[in-house]
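Asker: Got a structure for you, written out below as structure tokens; questions coming shortly.
The values are calculated or read from the model by the stated rules, or taken from the named source; none is laboratory data. From a predicted model like this one, the values you see are computed outputs, not experimental measurements. Cβ coordinates were reconstructed from backbone atoms using ideal geometry, including for glycine residues, and neighbour counts include every protein chain displayed. In case anyone asks, the SASA skips ligands and DNA or RNA and just uses the protein heavy atoms, side chains included. Shrake-Rupley method; radii C 1.70, N 1.55, O 1.52, S 1.80 Å.
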Amino acid sequence: MIRVKDIILKKLKESKEDYISGEELSSILGVSRTAVWKCINELKKEGYVIDSSSKKGYKLCYVPDIINPWEIKEGLDTKIIGRSVHCFSEVDSTNNYAKMLAQKGCEDGTVILAERQTQGRGRLGRSWDSMDKKGIWMTVVLRPAVGLEDVQIITLAASVAVASALKKAMDIDAGIKWPNDIVLDGKKVCGILTEMSMEMERINFLILGIGMNFGHVESDFPEEIRDRATSLGLYLKGKKGLDISGFRRSHLVRVILSELEEVYDKINKGKATAVIEEWKKYSVTLGKEVLIKYREEQYTGIAEDIDQNGRLIVKQDDGTIREVLSGEVSVRGLLGYT
Ligand code: ATP
């Protein structure tokens with residue numbers, strides 16, 4: 001639902017360097033000047049800096065790094081992914097909320113974002129640390145037109161979309177640790193958690209959770225993950241001397257959604273092979289010696305390739321070839337996280 005506040009923000013942005021009078025806003029919107037003034041105050045509370053002059057009116061001077069539907073949708077160039085966007089200051093888990101919406105029949109491509117998750121989840125019952133306003137905590141509901149065998153590919157495709165968005169939006173060269181962790185210099189910056197609902201052997205919906213560390217400084221991470229977690233901010237500062245405050249999470253979200261739409265479209269059109277080839281370009285796993293852990297079992301080998309279904313092909317020291325499905329395994333490099 002478009003609110004008066006959203007339209008005021010849109011008008012302020014369109015006016016750019018010019019002031020727009022309270023009178024003009026109230027006549028465009030058909031509301032009183034007091035109502036306009038109240039909305040301006042709400043925007044200021046959210047962090048927008050708006051200059052008000054009794055003679056000239058209002059001028060937008062600064063847009064904060066904020067997650068709201070207007071900031072996400074402004075300039076979004078997708079058709080399916082992000083046509084409906086829900087934003088919250090706090091949820092238990094965006095995947096949980098998405099699941100609830102999907103069960104109620106929400107449309108393909110619905111996006112849920114939160115400034116903070118109180119119970120962010122990872123795979124195998126692990127937790128995902130989701131600090132307030134420091135990251136992109138997002139879930140996309142997908143209703144793919146493919147069979148079960150392609151679910152793994154969608155998981156891989158999501159990581160391709162994120163890696164290519166990082167390059168396009170922030171000129172960051174990220175790698176992918178099989179199947180879909182996004183890493184920067186050997187540390188995890190983004191995790192992807194895919195969950196599925198099935199009906200009569202068919203995919204009913206997929207829930208694609210993306211957790212991206214954005215503005216964290218080192219001490220923001222819990223001690224137990226500090227050695228293998230990083231954020232875009234830490235990486236930019238260390239690598240390029242850049243300050244993350246020059247970037248906006250909303251911009252990166254838009255580019256991720258746009259890249260996601262591209263790979264999703266390829267998969268729905270039966271072009272999964274192209275996505276696999278792209279995945280290989282970003283891989284930091286292939287060609288490396290890896291440790292595979294599956295329940296009580298663990299073994300090492302060389303990660304030789306991924307197959308057409310996204311399975312990791314591992315050659316053990318005795319020459320045995322193993323095909324690894326991502327579901328319940330953990331993969332580690334022998335010399336560190338990747
Ligand atoms: P792994 O990275 O151990 O191979 P995984 O792919 O099985 O894990 P995920 O479900 O992607 O795991 O993420 C959960 C794990 O990620 C947690 O067990 C924790 O070690 C780590 N973690 C939790 N929160 C964060 C975070 N914000 N940034 C980086 N790593 C995190």
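Asker: How high is the relative contact order of region 4-44? Use alpha-carbon pairs under 8 Å, at least six apart in sequence, and give a whole percent. The partial results should precede the final answer.
Answerer: Working: 22 pairs, mean separation 18.8, N = 41.
Relative contact order comes out at 46 percent.
Asker: Could you grab the relative contact order for the chain? Cα pairs under 8 Å, six or more apart, rounded to a whole percent.
Answerer: Numbers: 633 pairs, mean separation 46.9, N = 338.
Value for the chain: 14 percent.
Asker: Another question, then. How long are the semi-axes of the equivalent ellipsoid of region 69-282, taking √(5λ) for every eigenvalue λ of the Cα gyration tensor, in whole Å from largest down?
Answerer: Numbers: eigenvalues 129, 72, 57 Å².
The three semi-axes for region 69-282 are 25, 19, 17 Å.
Asker: With θ taken as phi - 60° and the coefficients 6.51, -1.76 and 1.60, list the Karplus ³J(HN,Hα) couplings across region 261-268 in order, rounded to whole Hz; mark glycine and proline as x.
Answerer: For region 261-268, the Karplus-derived couplings read 4, 5, 6, 5, 4, 4, 5, 5 Hz, x marking Gly and Pro.
Asker: How much area per residue is accessible in the chain when the probe is 1.4 Å and only protein heavy atoms are counted (Å²)?
Answerer: On the way: 16310 Å² over 338 residues.
For the chain, the solvent-accessible area averages 48 Å² per residue.
Asker: To the nearest 0.05, how large is the calculated FRET efficiency for Ser219 and Leu242 if R₀ is 25 Å and r is the Cβ-Cβ distance? If you can, show how the numbers build up before the last one.
Answerer: Details: r = 20 Å, r/R0 = 0.80.
FRET efficiency, Ser219 to Leu242: 0.80.
Asker: Give, in nm to one decimal, the length gained when the segment between Glu304 and Glu262 is fully stretched (0.36 nm per residue of separation minus the Cα-Cα distance). Working shown, then result.
Answerer: On the way: separation 42, 0.36 × 42 = 15.12 nm, distance 2.72 nm.
Result for the pair: 12.4 nm of gain on full extension.
Asker: Let me have the 222 nm mean residue ellipticity of the chain computed from DSSP H runs of 4+ only, each contributing -39500 (n - 2.57), with the sum over all residues rounded to the nearest 500. Numbers along the way, then the final one.
Answerer: Working: 9 runs with 109 residues, N = 338.
So the helix-based figure for the chain works out to -10000 deg cm²/dmol.
Asker: Please give the net charge around Asn96, taking every other residue with its beta carbon less than 12 angstrom from that of Asn96, where Lys and Arg add +1 and Asp and Glu add -1. Intermediate values should be presented prior to the final figure.
Answerer: Numbers: positive: Lys99, Arg121; negative: Asp92, Glu195.
Here the count lands on 0.
Asker: So, one more: If contacts are Cα pairs under 8 angstrom and at least 6 residues apart, what is the relative contact order of region 1-150 in percent? Walk me through the numbers on the way to the answer.
Answerer: On the way: 210 pairs, mean separation 24.7, N = 150.
The normalised contact order for region 1-150 reaches 16 percent.
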